[in-house]
Amino acid sequence: MRVTFTANGREVTADEVWEGESLLYVLRERLGLPGSKNACEQGECGSCTVRLDGVPVCSCLVAAGQAQGREVETVEGLARGEGELAPIQQAFVEAGAVQCGFCTPGLLVAADDLLKHNPQPDDADIREALSGNLCRCTGYEKILDAVRLAAARSAAAGTGGAV
Amino acid sequence: MTATRCPEPTPTHAAASSAGIGASTLRPDGILKVTGEFAYSSDLWHEDMLWGHTLRSPHAHAEIRGIDVTEAVRMPGVHAVLTHDDLPAATHYGLEFADQPVLAKDRVRFHGEPVAFVAADHPETARRAAAKIKVAYAPLPPVTDEASATGPDAVLIHPGRHDHRSDAVPHPNIVHHQPVIRGDDGAWAAAKARADVVVAADYEVGMQDQAFLGPESGLAVPAEDGGIDLYIATQWLHVDRQQLAPVLGLPEEKVRLTLSGVGGAFGAREDMSMQAPACLLAMHTGRPVKMVYNRYESFFGHVHRHPAKLHYEHGATKDGEILYVEYRIVLDGGAYASSSASVVGNAASLGAGPYDIPHVRGEALALYTNNPPCGAMRGFGAVQACFAYEAQLDKLAAKLGMDRVELRRRNAVGEGSLMPTGQEIDQPAPVAELLRRVKALPLPPERDGGWGRAAAGEDVDVRSLPGGLSNTSHGEGIRRGVGYAVGIKNVGYSEGFDDYSTAKVRLEAVAGEPVVLVHTAMAEVGQGGVTVHAQIARTELGVDRVTIHPADTQVGSAGSTSACRQTYMTGGAVKHTCELVREELLRRGRERLAHRHPAWLAGVELVLESGKVCTHDGEPIADLVEVLGEEPIEIEAEFHHRPTEPFHPRTGQGAGHVQYSFCAHRAVVEVDTDLGLVKVVELAAAQDVGKALNPLSVVGQIHGGSTQGLGLALMEEIQVSADGALIRNPSFTDYLIPTILDTPPMPVDILELADGNAPYGLRGVGEAPTLSSTPAVMSAIRDATGLALDRVPLRPEHIAGHVSG
Ligand code: FES
Ligand code: FES
């Protein structure tokens, strides 16, 4: 089948998609967007998190056909433009929240979404919002630091949730 | 390669801050990782690639009576189906013994053993074709434990076994056996007679999985010269190649490996996984082949941490002087040897812990069984023992009526102490100081008035309670406990192994600026070696612009990214090679520029700083680029650590280890004693790292290691059915690793006491925190509940119903 949707603001089409393929597979293998990761393909790790019509989902659990005509936002769409990282991306790099980095794309999408809805989260909020994203390397301490840093910077800049 | 996605050089100066050692320089690959551009091994792609898949045995032990691939081969889209009979050359491989079949022939020995490989034009086609292969199995009763492995009628897992350990083992189903004996028999009997207090118990450690997030994956591309290019996530490129070339029937130089992005490792990438099948399928079809395990397959596709049964007995005087320790550690190695023999060496030699105990009778062994193969995981044989000896110390303290930390402090090793192997610890060993530091940290505040009041109806944030959002308690039945533990881990490869690493360093002028290219085969698995190598090059050569070449087999071996050895070994190789480059540069300077400044010939020390050659007092005497001239300097050199000795086969005596590393933890927990649920409130660590080349990365390692230890204490276990030796929970739904909700704040206190033998005085850091974290959490739960708790991971039923009011 053919599937057409918007990926990071650009219309994309994949042909010869088998009905059983996930949105994750189509992004990674057919559309040249391998940023979303495939750590479990069981809906348990969050490494494949993307926004579908603005709502974070595990793209490994979304059938490709379900994305037809909808808007998908992946980690590749977070940066503001060539060479300019989104504040949450910058904070992850600076805080040491990235080791192997396999969890990072999903965590960034989840953290970005948290800060959109709750620009000044406390630690319990951060933990709750990111509890669907596994990281095996960092023990999460630096990930918390990164989210706190991004939130503090947006507060200082008076940008509220527009991170 | 064209039309591919594959690894590229990493410039490090543009990444963010660029500085030398000791600074928290940011990772050079960080930006690629946050934008999603970093190419992991599962992201690789080639124009006309096929997808590989492995058919695995559903039985733990069975005879193969026949394999019929007819239907699979006929499926449209299928390009190859390979069974044992199609293998072109060597049929077995392995890290220490070549005992593992590439594809099973007439017998399968564990659940998930590969039986056939398929290549097809779509991963689902490959999976479906594999499902169409008919294998006639005749199931056999599995060997599952010490009794069935070494009993009178035990079935041999590897009949006719012939390897460098086989002559010395007490039974062919024992991979390796290592006793450790300190003190003679008379002294032993006297020590036993002198003990006022004796504590003895049996302990058990479940099978832990490394559970790295980036699945086993890679891309094999057949080359025009008849060789193969493999892009792969591994821990040691050269040892993969060494095992792979004979299987492919190719000379090593035609098997070229390049490291692609690695999504964590923790030991699980020491053994090969999809390397051989991807290459075999690529050679067979003449097409590039990509293979990616999903999480289910990953649980069958790599070795795990050895589950263990341990027996310990300690005897002490009433003042708390430990007189003797006796231990027996039985590790289940599963169906194939992997690195079991080395794990045994660690368990035996480190089994007494960081304590100076004059009389030791210890032994460790690994079994061959039909359970899943076990091998390397962070902590490598030292984790299981640490859980048991630290539980013993807790019990001994309780029996003596002594403070737990005081008992440990009193018996702790220090610099100059002898290990049970007779090896002197000739480097700082601040065990008592690390314990003192974690103990001195302020405790996290308790809820005002305890939890009793909350139970009476006050509003509480359940997220901070055991059970969390499951809303199982509002404070009823909650008790707090505090626990301590400390551990000892060796750094680097031991027992006489000539462990080395190689670095190639090129210094050249580009557009009038000095530029350094560092090329090693070190596997960057997330630990941050690439960051540190650039820092070392900057420090040694005074050059800002440093680029890290992709790791591959075009340069000499770096050894494995394991045993906390890479910063020591490949960091050491980069340092050493940079020193040689500097010598050559200064030689050129003396030759060409001696007339310009007397310092060139004065025999004074010259240093390189900010692109200049300077005198010791910082006076610049020449531009580095000017000294260098047109011709680049390129040097490749090896770095070896000091030699070690094998352990004596009967006494375990020998200077077997290169370096030791120590970490202490304090855990604070809250336990719901009614339901057996545990919340870790805080997990504090103190560790001696010798010298923190990159403090941010060091803390990250300690956090990560501590969290894996917490996982082993409370949740992580591959459950293997006792009767069938089948893995019952191969998913992240059923194999739980700590989430951000399970992981507490983790304050870290870093001590830097230099080890004079090591580059910059540094000490390997990655593993020690994984050791002491598990027993510290268990110690805290013991404190809260008063239960003995002799098994990890803990299960709710070990607490619920057992705690007296
Ligand atoms: S890959 Fe989708 S949740 Fe793990
Ligand atoms: S950084 Fe490796 S899984 Fe999170």
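The values are calculated or read from the model by the stated rules, or taken from the named source; none is laboratory data. Fair warning: this is a prediction, and the values are worked out from it, not measured in the lab. So basically every Cβ, Gly included, is an ideal-geometry build from the backbone, and we count neighbours across all protein chains shown.
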Return the pairs, sorted by first residue and then second, in which the second residue is within 16 Å of ligand 2 (Cβ to nearest atom) and of a type in the set (Phe, Trp, Tyr), the first residue lies in segment A:42-62 and is more than 14 Å from every other protein chain (Cβ to nearest Cβ) and over 17 Å from A:ALA7 (Cα atoms), the beta carbons are less than 9 Å apart, and the residues are 6+ apart or on different chains.
none
Test B:VAL607 against the stated conditions and say whether it is surrounded by 24 or more Cβ atoms within 10 Å (Cβ to Cβ) and outside any helix (DSSP H, G or I).
no
Select from segment B:622-649 the residues that are outside any loop (DSSP other than H, G, I, E, B) and within 21 Å of B:VAL555 (Cα to Cα) and list them in ascending order.
B:ILE633, B:GLU634, B:ILE635, B:GLU636, B:ALA637, B:GLU638, B:PHE639, B:HIS640
I'd like to check something: does segment B:24-46 contain any residue that is modelled with pLDDT of 90 or more and more than 13 Å from every other protein chain (Cβ to nearest Cβ)?
no
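Got a sec? Which of A:ALA129, A:ALA79 is away from ligand 1 (no atom under 16 Å from the Cβ) and either of a type in the set (Gly, Ala, Ser) or assigned by TED's automatic domain parsing to the domain that holds A:LYS37 (or both)?
Sole residue among the options that is away from ligand 1 (no atom under 16 Å from the Cβ) and either of a type in the set (Gly, Ala, Ser) or assigned by TED's automatic domain parsing to the domain that holds A:LYS37 (or both): A:ALA79.
Hey, among the residues in segment A:98-126 that are part of a loop (DSSP other than H, G, I, E, B) and within 16 Å of ligand 1 (Cβ to nearest atom), which one's farthest from B:GLY36 (Cα to Cα)? Working first, answer last.
To start, the set of residues in segment A:98-126 that are part of a loop (DSSP other than H, G, I, E, B) comprises A:98-103, A:118-122.
Keeping just the survivors that are within 16 Å of ligand 1 (Cβ to nearest atom) gives A:100-103.
Details: A:CYS100: 12, A:GLY101: 9, A:PHE102: 9, A:CYS103: 11 Å.
Checked segment A:98-126; the qualifying residue farthest from B:GLY36 (Cα to Cα) is A:CYS100.
Would you pick out the residues in segment A:80-97 that are at the interface with chain B (Cβ under 7 Å from one of its Cβ atoms) and free of Cβ contacts under 8 Å to residues at least 12 places away in the same chain? Show your work before the answer.
Let us first name the residues in segment A:80-97 that are at the interface with chain B (Cβ under 7 Å from one of its Cβ atoms), namely A:85, A:89, A:92-94, A:96.
Answer for segment A:80-97, where residues must be at the interface with chain B (Cβ under 7 Å from one of its Cβ atoms) and free of Cβ contacts under 8 Å to residues at least 12 places away in the same chain: A:LEU85, A:VAL93.
Would you confirm, using the coordinates I've provided, whether A:GLU94 is in a helix (DSSP H, G or I), more than 22 Å from A:GLU11 (Cβ to Cβ) and within 16 Å of ligand 2 (Cβ to nearest atom)?
yes
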A careful count of residues in segment A:111-160 that are more than 20 Å from B:VAL462 (Cβ to Cβ), crowded, with 20+ Cβ neighbours inside 10 Å and within 12 Å of another protein chain (Cβ to nearest Cβ) gives 15
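Within segment B:475-530, how many residues are under 30 Å from B:GLY611 (Cβ atoms), acidic (Asp, Glu) and in contact with a Pro (Cβ under 6 Å, 6 or more places away or on another chain)?
At the first step, the residues of segment B:475-530 found to be under 30 Å from B:GLY611 (Cβ atoms) are B:501-522, B:524, B:527-530.
Next, from what is left, pick out any that are acidic (Asp, Glu): B:508, B:513, B:524.
Checking which are in contact with a Pro (Cβ under 6 Å, 6 or more places away or on another chain) leaves us with B:508.
So the count comes out to 1.
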Name the residue, out of B:LEU741, B:LEU696, that is away from ligand 1 (no atom under 16 Å from the Cβ), under 19 Å from B:ARG795 (Cα atoms) and touching a residue at least 40 places away in the same chain (Cβ under 8 Å).
B:LEU741
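It is to be established whether one or more residues within segment B:552-574 are farther than 27 Å from B:GLY261 by Cβ, surrounded by 15 or more Cβ atoms within 10 Å (Cβ to Cβ) and assigned by TED's automatic domain parsing to the domain that holds B:GLY30. Steps first, please.
To start, the set of residues in segment B:552-574 that are farther than 27 Å from B:GLY261 by Cβ comprises none.
No, segment B:552-574 contains no residue that is farther than 27 Å from B:GLY261 by Cβ, surrounded by 15 or more Cβ atoms within 10 Å (Cβ to Cβ) and assigned by TED's automatic domain parsing to the domain that holds B:GLY30.
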Please state which one of A:LEU27, A:LEU85, A:LEU31 is within 16 Å of ligand 1 (Cβ to nearest atom) and not polar (S, T, N, Q).
A:LEU27
Given (1) out of contact with any helix residue (DSSP H, G or I) (no Cβ under 7 Å at 6 or more places or on another chain); (2) within 10 Å of another protein chain (Cβ to nearest Cβ); (3) within 21 Å of B:LEU26 (Cβ to Cβ); (4) surrounded by 17 or more Cβ atoms within 10 Å (Cβ to Cβ), where does A:GLY77 come up short, assuming only one miss?
(3)
Test: B:VAL343 is without any contact (Cβ under 8 Å) to a residue 40 or more places away in the chain and within 21 Å of B:LEU712 (Cα to Cα):
yes
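Say we look at segment B:698-720 and pick out the residues that are closer than 16 Å to B:ALA308 by Cα and assigned to a loop (DSSP other than H, G, I, E, B); which of these is nearest to the other protein chains (Cβ to nearest Cβ)? Before the answer, list the steps.
At the first step, the residues of segment B:698-720 found to be closer than 16 Å to B:ALA308 by Cα are B:709, B:712-713, B:716-720.
After this cut, where a residue has to be assigned to a loop (DSSP other than H, G, I, E, B) as well, the list is B:716-717, B:719.
Working: B:GLU716: 11, B:GLU717: 16, B:GLN719: 17 Å.
Filtering first and then ranking leaves B:GLU716.
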One residue from B:ARG590, B:ARG596, B:ARG538 being basic (Lys, Arg), crowded, with 17+ Cβ neighbours inside 10 Å and at pLDDT 90 or above:
B:ARG538
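Taking B:HIS177 as the residue in question, decide whether it is under 27 Å from the mean Cα position of the chain (by Cα) and at pLDDT 95 or above. Outline the logic, then answer.
Working: under 27 Å from the mean Cα position of the chain (by Cα): yes; at pLDDT 95 or above: yes.
Judged against the criteria, B:HIS177 is a match.
Which of the residues that make up segment A:41-84 are part of a strand (DSSP E or B), in contact with a strand residue (DSSP E or B) (Cβ under 7 Å, 6 or more places away or on another chain) and acidic (Asp, Glu)?
We begin by selecting, within segment A:41-84, every residue part of a strand (DSSP E or B); these are A:49-52, A:55-58, A:63, A:71-73, A:81, A:84.
Within this subset, residues satisfying the condition of being in contact with a strand residue (DSSP E or B) (Cβ under 7 Å, 6 or more places away or on another chain) are A:49-52, A:56-58, A:63, A:71-73.
The answer is A:GLU71, A:GLU73.
Within segment B:470-518, count every residue that is assigned to a helix (DSSP H, G or I) and crowded, with 18+ Cβ neighbours inside 10 Å. Working first, answer last.
Taking segment B:470-518 first, the residues assigned to a helix (DSSP H, G or I) are B:470.
Next cut, crowded, with 18+ Cβ neighbours inside 10 Å only: none.
Total satisfying the criteria: 0.
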If only one of B:GLY264, B:GLY286, B:GLY334, B:GLY315 is within 16 Å of ligand 2 (Cβ to nearest atom) and more than 24 Å from B:GLY654 (Cβ to Cβ), which one is it?
B:GLY264
Working carefully through the options A:ALA64, A:ALA14, A:ALA7, find the one that is hydrophobic (A, V, I, L, M, F, W, C), more than 23 Å from B:ASP121 (Cα to Cα), more than 13 Å from ligand 1 (Cβ to nearest atom) and touching a helix residue (DSSP H, G or I) at 6+ places or on another chain (Cβ under 9 Å).
A:ALA7
Answer yes if at least one residue in segment A:18-40 is in contact (Cβ under 8 Å) with a residue 40 or more places away in the chain, in contact with a helix residue (DSSP H, G or I) (Cβ under 6 Å, 6 or more places away or on another chain), β-branched (Val, Ile, Thr) and not in a helix (DSSP H, G or I), and no otherwise.
no
